[in-house]
Amino acid sequence: MAAKAPEVKLIGAYGSPYTHRAEVALRLKGVPYELILEEDEDMSNKSELLLRHNPVHKLVPVLLHGDRTVCESLVIVEYVDEAFDGPPLLPADPYQRAEARFWAQFIDLKKRAFIKEAKENMALLEAQLKGKSFFGGDDTVGFLDIAASGLAHWVGIVEEASGVTLVNGDEFPAFCKWTNAYVNHETVKQCLPVREELVAFFSARKEMYTAQLRDALHKRKIAMATEPAVKLIGWYGSPYVHRAEVALRLKGVPYELILDDPSNKSELLLRDNPVHKLVPVLLHGDRTVCESLVILEYVDEAFDGQPLLPVDPYERAMSRFWAHFIDQKHKEAFVKEAKGNLAILEEQLKGRRFFGGDAVGFLDVAACGLAHWLGVIEEVSGVTLVNGDEFPAFCKWANAYVNDDTVKQCLPDRDELIAFFSGNKEIYMALARATLHK
């Protein structure tokens, strides 16, 4: 007799486009689930269930699959895609998967800024949809359609609640056609909040949305090799570029590193990453992949060699969650809250040499800035943030990472990095000393 499949539950909130993402993924896969809605619609009084299962961000959605807990909507969508049978949500081709993840991250990284820069951002998505019913290209809702679901249903709600129109069919015909196709998809409709009820819900917050939308109307700018050689556009001293380099080296992929000048960005960089205008940018033949974590997954999927992500879907979801945690806390925020954030990562490393076990993997590469660059900041500022007594597992991991034979091949020299960052010494001293008050 076959073992009973683990029960699936979803903790969500009414009117949340992020909860909708998880719901539509489950329904497209044909997975039965129980939806547990937080009683407080404004999420100001969170349940013990939510706080227990997502103590890091304390936000919905949270997927409970037997004894496994998965947080973050995009992480959940990928977990559902990999853990359950049914039509695939991500494309089969590694490059197309990388592109879908890039645009999903683009939508999420913009968040409120998406509305403030709505015309420019809509124009970028319009270009992706030309000649296609859905972002994936065929007649099936996929990963990026789900990621963009808030734009299909919720932007119209905000427009109606605020009385301001952002999107029209003359300016964005492909986008409007996609919106109509998405909200009328038979599976999507099963878990799409009723428009009238959502309008009433958001009308209570009318002033906030009106201010954001009217501000958007002042911004009218609209952006728009034969051999599969691998090139990487980067900047000296960037931990994000190091992520891409070490991934390529772990896979044994030859590549050309093209160092750019952040104070005078090249036409090559601006042409190949017109959205963010930042490094790293991976050029694989005629394919361009941006965003360091997206590049990591693309390299893992496009090239042979040791896998960077775990085989198990849940372990992959956990690796992506903690990588997103590190990036969401990145730059100044991580240093300012260093003690608390390092304590969280310390728990993940207990009893392990690397985050994934005995070899450098996806999450180790994602956390590389903490292994090498954090120590450089300590030396430049003269302030110690990490010590072996307080964070023994973390310090052991950092030492193992920087001494890995493959990692060392593309790790910037410590003395040169110290000289490089010493030009911003006052900034790092202020950040480090502020941490010591917490």
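Taking the conditions exactly as written (among the hydrophobic types (A, V, I, L, M, F, W, C) and at pLDDT below 75), does Ala225 satisfy them or not? Yes; evaluated as a whole, the condition is true for this residue.
Here is the figure for region 303-347: residues that are at pLDDT 85 or above and either within 26 Å of Phe84 (Cα to Cα) or in a loop (DSSP other than H, G, I, E, B) (or both) total 23.
Yes or no, residue by residue, for (1) in a loop (DSSP other than H, G, I, E, B); (2) modelled with pLDDT of 90 or more:
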{"residue": "Gln96", "(1), (2)": "no, yes"}
{"residue": "Gln105", "(1), (2)": "no, yes"}
{"residue": "Ile115", "(1), (2)": "no, no"}
{"residue": "Met122", "(1), (2)": "no, no"}
{"residue": "Glu126", "(1), (2)": "no, yes"}
{"residue": "Asp138", "(1), (2)": "yes, no"}
{"residue": "Val141", "(1), (2)": "yes, yes"}
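When region 186-222 is filtered for residues that are over 26 Å from the mean Cα position of the chain (by Cα), outside any helix (DSSP H, G or I) and modelled with pLDDT of 60 or more, the ones remaining, listed by number, are Gln190, Val194, Ala204, Arg205.
Considering the conditions (1) within 15 Å of Val24 (Cα to Cα); (2) small (Gly, Ala, Ser); (3) in a loop (DSSP other than H, G, I, E, B), Gly150 is excluded by exactly one of them, (3).
Is it the case that region 392-399 has a residue that's crowded, with 18+ Cβ neighbours inside 10 Å and polar (S, T, N, Q)? No: region 392-399 contains no residue that is crowded, with 18+ Cβ neighbours inside 10 Å and polar (S, T, N, Q). Among the criteria (1) in a loop (DSSP other than H, G, I, E, B); (2) over 30 Å from Ser203 (Cβ atoms), the one Asp81 does not fulfil is (1). When the residues of region 350-370 are filtered to those that are modelled with pLDDT under 95 and part of a helix (DSSP H, G or I), the one that is surrounded by the most Cβ atoms within 10 Å (Cβ to Cβ) is Leu370.
Return yes when Ala5 is of a type in the set (A, V, I, L, M, F, W, C) and touching a helix residue (DSSP H, G or I) at 6+ places or on another chain (Cβ under 8 Å) and no when it is not. Judged against the criteria, Ala5 is not a match.
The values are calculated or read from the model by the stated rules, or taken from the named source; none is laboratory data. No experiment lies behind these values; they were computed from the predicted model shown. Glycine gets a Cβ as well: all are built from the backbone with ideal geometry, and neighbour counts include every protein chain shown.
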